[in-house]
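Visitor: Handing you a structure now.
The values are calculated or read from the model by the stated rules, or taken from the named source; none is laboratory data. Because the structure is predicted, anything quoted here is derived from the model rather than measured. So basically every Cβ, Gly included, is an ideal-geometry build from the backbone, and we count neighbours across all protein chains shown. When the accessible area is computed, the model is the full protein with side chains, heavy atoms only, and any ligands, DNA or RNA have been set aside. Shrake-Rupley method; radii C 1.70, N 1.55, O 1.52, S 1.80 Å.
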Amino acid sequence: LDGHSIYTGCCTLHIDFSKLTNLTVKYNNDKSRDFTRIDLPFGDGLRTMETSLSTPFATQNTIFPSYTGPPGFAPALGFPQGAGPSIPPVPGALGPLTVTTSAVPEHVTIPGIPGNSVLLVSNLNPEAITPYGLFILFGVYGDVHRVKIMFKKRGIALVQMADATQAQLAINYLNGQRLYGRVMHATLSKYQTIQLPREGQEDKGLTKDYSNSPLHRFKNPSSKNFQNIFPPSATLHLSNIPPSVTVDDLKNLFTSKGSTVKGFKFFQKDCKMALIQLGSVEEAVHALIELHNHDFGENQHLRVSFSKSTI
């Protein structure tokens, strides 16, 4: 894998032997994981949040299939018999894992499954967050299929991505990002799919299916969007700007959404694209959610992405 790219032309891997002789893992979360120890704590309290999710997602016996891994990644390693100490079954190492939830102490739950495409997103602002907002934001890093905000705990949501690679990409870029005044936490969920509400079930529009949305950025495998994935930044890349829209029009549009515009620049070779620099990364995140797909009229919609450039 050394020298290979995760995506065509970017995210090139550099792999070499470490000077360390042993690896000690204290927590099972999105930053570290010991696949031989399902009893390790999460590290920041998110573990207990997932155990308290609403019952439509909970089952008495949860069976996790073996992890085959997302495309492009090596399969999980197995442990030969007699090699070292006895190791309990874990996802991806020695086959399926069956857990009876009633037998598990309250402070312990099952860690997220590598290869899963459903994210647990917590510490959200319940007064501001919407399924559409999460769809647009997480859609920067993959195609979002479904979103569910918890009915009784509006600060927690599930986001289902198209595949495990996109889910991990979203975690890498959005975990710890400020959103509507709070630091958002994103990690793998123990659920493998988001169930849509049954007919007649009270939901208040908190569960949405975006599987067939025309706003997916990565439907086309050859799309340039795969090469333009960047972390949240104060500078946004704007595209699909109609010729009739001026600098002042765009500045006023972003200002009307509460943004502080610090800089603006049209591309010299293509006036359909521009960079706009806002007051902070959080402002830019809010503006992207509000203004991506903004309708200028005559079926012309603004496209907004994070940029690696500055003005």
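Visitor: Say R0 is 25 Å: what FRET efficiency, to the nearest 0.05, do ASP39 and ARG198 get from their beta-carbon distance?
Guide: Numbers: r = 35 Å, r/R0 = 1.40.
My answer for the efficiency is 0.10.
Visitor: Right, next: Could you pull out every one of the lysines with an alpha carbon less than 16 Å from that of LYS148, ignoring same-chain neighbours closer than 8 positions?
Guide: LYS190, LYS204, LYS208
Visitor: Using Cα-only point scatterers and the Debye equation, what is log10 of I(q)/I(0) for segment 230-306 at each q in 0.12, 0.16, 0.21, 0.23 Å⁻¹, rounded to two decimals?
Guide: -0.27, -0.49, -0.88, -1.06
Visitor: Which sequence of THR207, THR193, THR24 reflects their accessible areas, 1.4 Å probe, from the largest down?
Guide: The ordering from most to least exposed comes out as THR24, THR193, THR207.
Visitor: Further question: Along Cα→Cβ, 7 Å out, is where each label goes; now give me the distance between the ones at GLN300 and LYS257 in nm to one decimal.
Guide: Distance between the two pseudo-spin positions: 1.8 nm.
Visitor: Could you provide, to the nearest whole Å², the per residue accessible area of segment 230-306 with probe 1.4 Å?
Guide: Here the residues of segment 230-306 average 50 Å² of exposed surface.
Visitor: Right, something else. Could you give the length gained on full extension between CYS10 and SER244, defined as 0.36 nm per residue of separation minus the Cα-Cα distance, in nm?
Guide: Between CYS10 and SER244, full extension yields an extra 80.7 nm.
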